[in-house]
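K.L.:
For reference, the structure I am asking about is given below.
All of the numbers you see were taken from the coordinates with simple rules; none came from a lab. A quick note: this is a predicted structure, and the numbers were derived from the prediction, not measured. Neighbour counts run over all protein chains shown; Cβ positions are idealised from the backbone, glycine included.
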Amino acid sequence: MPVTPLPRGADPFDTSGIVRDDRGVAHYTGLPSSLVTMLRSSVEENPDGEALVEVDGERLTYRQLWDRSARVAGGLVAAGVERGDRVANLLPAGVDWVLGFLGTQLAGAVAVPVNTRFAEPEIEYVLSDSGSDAVLRPGEPLPDGDPVARDDARAADLAAIFYTSGTTGFPKGAMTSHENFLSNVETAIRVIGIDRADGPSVRNLVSVPLFHVTGCNSQLLVQLALGGTTVVLPAFDVRAFLRTIAEERIDTLVSVPAIYALALAHPDLAMLDRGRVRRITYGGAPIAPSLVARITEAFPAATVGNGFGLTETSSIATFLPHAWAASDADSVGFAAPVVDLALDAVDPVSGVGELLVRAPNVVLGYWNKPEATAAAFVDGWLHTGDLARVDDGIVRIVDRAKDMINRGGENVYCVEVENALAGAPGVADAAVVAVPDDVMGEKVGAVIVPLPGTTFDAKPVVEYLRERLADFKVPQYFAVSDVPLPRNPGGKILKRPLRESTDWGAPVR
C-alpha cells in the first residue's frame with residue numbers, strides 16, 4: 001500500500017532549489033558531486049583561512065588541511081588501498097582523525113569511523129564485518145606518501161560506513177553516500193540559519209565524538225563546506241569547554257543536552273563573554289523544557305534549535321527552530337527541507353505511529369545485512385523504530401518501538417544488556433529499562449532477580465559487564481526483585497510496570 005507523506009505544516013525553512021525524482025524523493029540542486037569536490041572548492045576560495053583547530057594542539061589552514069590529507073591518501077594508496085576499500089578510523093577526536101577521514105576520501109576509499117567507546121569485541125566485529133583493508137590506530141603514524149587527490153566520485157557512490165548498535169548485540173553499518181553527506185550539510189546550513197556569505201567567519205566547537213554523525217556530518221563537514229573553522233575538543237571537560245568558547249571566539253555550538261546542563265551549572269560560566277555565541281543547537285537526547293529556558297537565558301544573543309535524526313538519516317531529519325523553541329520544547333520540530341515524513345500503523349485514539357522518513361540523506365542500507373536492510377528500508381521509506389505523533393507538521397517522539405535507552409546521545413539497547421546480564425554472577429533473571437535523569441536524559445537501570453539462595457551484589461556484576469559491554473551500556477542503577485519479572489502470555493517482559501514502580505535508590509557508580 002503506498003505511503004502518503006504528512007503535510008509539512010508551517011514549513012519554516014528555505015525550500016528553494018529542490019526537485020523530486022521519479023520515485024518522489026526530493027533532492028537539493030547544485031550540490032557538489034562529492035566530499036572531495038566540496039573540500040577542493042573551500043580550499044580554492046579560502047586557502048589561508050583557518051580550517052581546523054585541535055584544542056591545545058595543532059592549527060591548520062585550508063591549504064595545509066588539503067596538502068596533509070592528500071599525503072595521507074598517498075600513503076594509503078602506496079599501502080595498497082584501492083577505490084572502494086574500507087579504511088577504519090580508531091583515532092581519538094582531533095587533527096589526525098580529520099586527516100584520516102579526509103585522506104580516505106581523497107584516496108577514493110570508504111571511511112569507517114569506529115566508536116572508540118565500544119568494548120573490544122564490538123570493535124573487532126566492526127573491523128571484521130566492514131572488511132577494512134587498513135586501520136588507523138592511536139599511537140601509530142598516519143599513512144604518508146606522495147599526494148593523491150581522486151575527485152571523480154559520483155554522488156551515489158559509497159563514502160563511509162557508520163556503525164550503529166543493534167538489538168542483536170552486533171552493530172549495523174549504515175552505508176553513507178556522498179549525496180547523503182552533502183544533503184545533510186545543506187540541510188544543516190538551512191535549518192540552523194547560517195548565511196553563506198558569513199561562512200568563513202563561522203567558528204564551531206565540536207565537543208561530541210567525531211565518530212558520531214552529529215560531530216562529523218553536522219559540524220565538521222558543514223564547516224568545511226562553509227570555509228569556516230572547526231575547533232575540536234579531544235576529550236570533554238566542562239572547564240575546557242567553557243574556556244575554549246572564550247579563547248577560540250566560538251559563535252556556534254552543537255551538542256547534547258547533558259553538556260549544556262553541565263556548562264550552565266559550572267561557576268566559570270559567569271566569567272564567560274556569552275554575547276559572541278550566535279547559534280546553539282541541541283539534540284541526540286530528550287531535553288527538559290526548563291533546560292531550554294536556562295540556555296536562552298544564559299546566551300541571550302543566540303538562536304537555539306533542536307535537531308533530531310539517526311545514523312540512518314546521516315544526522316538531521318527534523319529541526320525545531322528558535323521561534324518554536326520555548327513553546328514546543330518537547331518536540332523535535334518540522335521535517336527538514338528535503339525530508340518527507342509519514343506515520344505507519346497509527347493508533348486511531350492517540351494518533352501515534354512509527355515515524356517513517358524519505359529523503360536524500362537516508363543511507364543506502366546496512367552493510368552486509370540484506371535482511372535488516374529489507375526490514376528497515378521499504379519502498380524508499382526508512383522505518384525509524386521511533387513512535388511519534390505529528391500535529392500541524394510538528395513532530396513529537398513519544399516512545400521507541402525498538403527497545404532502546406538514549407543515554408546522553410548514546411543508544412543503549414535493552415536486549416543487548418539483558419543478554420550480557422544473563423551470564424553475570426548471581427543473576428537468575430534481569431530486565432533493563434530507562435531511568436530518567438535530568439542531565440543525561442536517561443540512564444541504564446536493571447531489575448535483577450537473584451539466583452535462589454544468594455544475595456545480590458552489584459559490584460561483581462558491573463565488573464563482569466564492563467568486560468563485555470561499552471562503558472555507557474553498563475547499568476548505573478540496580479533494583480532487586482524477590483518475585484518473578486512480569487511477563488505477557490508470550491513470555492516477553494512487561495517493561496512499563498517496571499519503569500513506573502521500581503524504586504532505584506542511589507546509583508552504584
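K.L.:
Give the cross-link partners of residue 459 among the aspartates and glutamates, using a straight C-alpha distance below 16 Å as the criterion and excluding same-chain residues fewer than 8 apart.
P.N.:
Once the sequence-local aspartates and glutamates are set aside, what remains near residue 459 is 467, 471.
K.L.:
Provide 97, 367 in ascending order of the number of other Cβ atoms located within 10 Å of each residue's Cβ, fewest first.
P.N.:
367, 97
K.L.:
At a Förster distance of 35 Å, what's the computed FRET efficiency of residue 19 paired with residue 170, Cβ-Cβ distance as r, to 0.05?
P.N.:
For residue 19 and residue 170, the calculated efficiency is 0.35.
K.L.:
Which of the lysines could be linked to residue 495 by a straight reach, that is with a Cα gap under 23 Å, when you skip same-chain ones fewer than 8 residues away?
P.N.:
Excluding near neighbours in sequence, the set is 402, 443, 473.
K.L.:
How much FRET efficiency would the formula 1/(1 + (r/R0)^6) give for residue 270 and residue 249, where r is the Cβ-Cβ distance and R0 is 25 Å, rounded to 0.05?
P.N.:
The calculated FRET efficiency here is 0.85.
K.L.:
At q = 0.12, 0.18 Å⁻¹, work out log10 I(q)/I(0) for segment 32-133 with the Debye formula, treating every Cα as an identical point scatterer and leaving solvent out; two decimals please.
P.N.:
The calculated log intensity ratios at q = 0.12, 0.18 Å⁻¹ are -0.43, -0.89.
K.L.:
By how many nm would the segment from residue 462 to residue 140 lengthen if fully extended, with 0.36 nm per residue of separation less the alpha-carbon distance?
P.N.:
112.7 nm
K.L.:
A follow-up question, please. Could you work out the relative contact order of segment 405-501? I mean the mean sequence separation of Cα pairs under 8 Å and 6+ apart, divided by the number of residues, in percent.
P.N.:
Value for segment 405-501: 28 percent.
K.L.:
Take residue 438 and residue 239, extend 7 Å from each Cα along the Cα→Cβ direction, and tell me the distance between the two endpoints in nm.
P.N.:
Modelled inter-label distance: 2.3 nm.
K.L.:
OK, next. Does the chain come out rounded, prolate or oblate by the C-alpha gyration tensor, with a ≥ b ≥ c the root eigenvalues, rounded set by a/c under 1.5 and, if not, prolate when a/b is larger than b/c and oblate if not?
P.N.:
rounded
K.L.:
Rounded to the nearest 0.05, what FRET efficiency do residue 347 and residue 6 give with R0 = 22 Å and r taken as the Cβ-Cβ distance? Could you check?
P.N.:
E(calc), rounded to 0.05, equals 0.90.
K.L.:
If I stretch the segment between residue 151 and residue 45 completely, what's the gain in nm (0.36 nm per residue apart, minus their alpha carbon distance), one decimal?
P.N.:
The span from residue 151 to residue 45 would gain 36.4 nm if fully extended.
K.L.:
Counting only C-alpha contacts under 8 Å and six or more residues apart, can you give the relative contact order of the chain as a whole percent?
P.N.:
14 percent
K.L.:
Which one, 139, 171, 288, is farthest towards the positive end of the dipole of the chain when Lys and Arg carry +1 and Asp and Glu -1 on their Cβ?
P.N.:
In the chain, that residue is 288.
K.L.:
Where the centre of each part is set by its Cα atoms, how far does segment 42-65 sit from segment 417-452, in angstrom?
P.N.:
46 Å
K.L.:
As a test of the formula, what do you get for the chain when each DSSP H run with n ≥ 4 contributes -39,500 (n - 2.57) and the sum is divided by the residue count, at 222 nm and rounded to the nearest 500 deg cm²/dmol?
P.N.:
-8000 deg cm²/dmol
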